[in-house]
Amino acid sequence: MSQTPALPRTLVLMGAGKMGGAMLEGWLGGGLSAGGLAVLDPNAGEDLTALAASHGFRLNPPLADLARPEALVLGIKPQMLDAAAPSIAALAGPDTLVVSILAGKTIADLEARAPSARAFVRAMPNLPASVRRGITGVAASAAVNPAQRAMTTALLEGIGLVEWVDDEALIDAVTAVSGSGPAYVFHLVECLAEAGIAAGLPADAARRLARATVEGAGELLHRSPLEPATLRQNVTSPGGTTAAALEVLMAENGMKPLMKRAVAAARQRAQELSG
Ligand SMILES: NC(=O)c1ccc[n+]([C@@H]2O[C@H](COP(=O)([O-])OP(=O)(O)OC[C@H]3O[C@@H](n4cnc5c(N)ncnc54)[C@H](OP(=O)(O)O)[C@@H]3O)[C@@H](O)[C@H]2O)c1
């Protein structure tokens, strides 16, 4: 299989844990040529070692063999950044695109660790990336050129959709909406199940009903070109049961102001954490 032209010809992934590993599988499944790929993960487990052997990419080669790749993707934990900084500085050259998924680490934080590099991208993926149904918010430094933008999109499409924002400061809002968002949806399932129990259902049945409802509604949303408001209106007969519930949820003090407060709190916390 020939690889998508936008993907880099030489790529180093530093940190192939949950998120980095999901990206790696997405790239390999999407036809990235293993010949130009190297993965650095000091305690590589059996799965990663087997993946390297079956696809033929290099795993933990000497850094000197890897200097100045077209793209360097950082998939380590934010608290590992300082320990990894000498390797990052050794790898990233003036033409290397550095893509970071490290929560809370700013483009300025990255610039300080890779003094030779100029093009930096800060990305915020979310948990459904693990099933390649994530959405990643992305901001770029001024030096990122159109080809590097296309490269970033191609790389991040390995784990789902990509949403560019013009201003790095908006990454905190992305974090508050899509980064933390899956947990809000899980909580919605919990609330719906509890409400079902309060309405008289056996607990197990209420949990199954709530869970499958959110799964099914999510899948419908995924497959449908319609706006969520239209999907909602389509199942709401005037004077019916859904309308009765929505009157409560859409009241002045209902879900909209509650969600605004929740997102504002997450955004505020993201701002504090990225200092
Ligand atoms: N999971 C999410 O939902 C999510 C969402 C948004 C953003 N993120 C971001 O994604 C990043 C990765 O998170 P994760 O959940 O995938 O973490 P993870 O599973 O712990 O993966 C990090 C990997 O990096 C390896 N590593 C440590 N030091 C290294 C070094 N110097 N060089 C190369 N590899 C090194 C770790 O190995 P050891 O285990 O041996 O230390 C581990 O395999 C984080 O920065 C996080 O902020 C995650």
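The values are calculated or read from the model by the stated rules, or taken from the named source; none is laboratory data. Note that the structure is predicted; figures quoted are calculated from it, not measured. No Cβ is skipped: glycine too gets one built from the backbone with ideal geometry, and neighbour counts run over all protein chains shown. Protein only, heavy atoms only, side chains kept; ligands, DNA and RNA dropped before computing areas. Shrake-Rupley method; radii C 1.70, N 1.55, O 1.52, S 1.80 Å.
Principal axis extents of the C-alpha atoms in segment 136-275 (largest first, rounded to whole Å): 59, 34, 31.
For segment 11-175, give the percent of accessible area contributed by carbon and sulfur heavy atoms, probe 1.4 Å, rounded to a whole number. Within segment 11-175, the accessible surface is 54 percent carbon and sulfur. Calculated mean residue ellipticity at 222 nm for the chain: -14500 deg cm²/dmol, from DSSP H runs with n ≥ 4 weighted as -39500 (n - 2.57), summed, divided by the residue count and rounded to 500. Computed over segment 129-188, the Cα gyration tensor eigenvalues convert (square root of 5λ each) into semi-axes of 23, 15, 5 Å, ordered from largest to smallest. Highest GNM mean-square fluctuation among 87, 237, 141, for the chain modelled with Cα contacts below 10 Å: 237.
Karplus-based coupling profile of segment 64-74, in residue order and whole Hz: 4, 7, 10, 3, 6, x, 5, 9, 10, 9, 9, with θ = phi - 60° in 6.51 cos²θ - 1.76 cosθ + 1.60 and x standing for Gly or Pro. Over segment 215-275, the hull volume per residue, using the convex hull of the C-alpha atoms, is 120 Å³.
Could you tell me the calculated FRET efficiency between residue 153 and residue 243, based on Cβ-Cβ distance and R0 = 45 angstrom, to the nearest 0.05? Here the calculated transfer efficiency is 0.65.
Using only Cα coordinates, the Kirkwood hydrodynamic radius of segment 18-99 works out to 13.4 Å.
Two decimals, Cα atoms only, Kirkwood Rh: what is Rg/Rh over the chain? Rounded to two decimals, Rg over Rh is 1.04.
For segment 91-154, take the alpha-carbon Rg, divide it by the Kirkwood Rh, and send me Rg/Rh. On the Cα set of segment 91-154, Rg over Rh gives 0.98.
Note on segment 11-175: Cα-only Rg and Dmax are 14.4, 41 Å.
FRET efficiency for the pair residue 217 and residue 252, taken as 1/(1 + (r/R0)^6) with r the Cβ-Cβ distance and R0 = 22 Å, rounds to 0.35.
Compared with the dominant principal axis of the Cα atoms in the chain, helix 181-198 is inclined by about 30°.
Computed from Cα atoms alone, the Kirkwood hydrodynamic radius reported for segment 184-233 is 11.6 Å. The accessible area of residue 187, taken with all protein chains in place and a 1.4 Å probe, comes to roughly 100 Å².
Principal-axis analysis of the Cα atoms of the chain puts helix 203-223 at an angle of about 60° to the longest axis.
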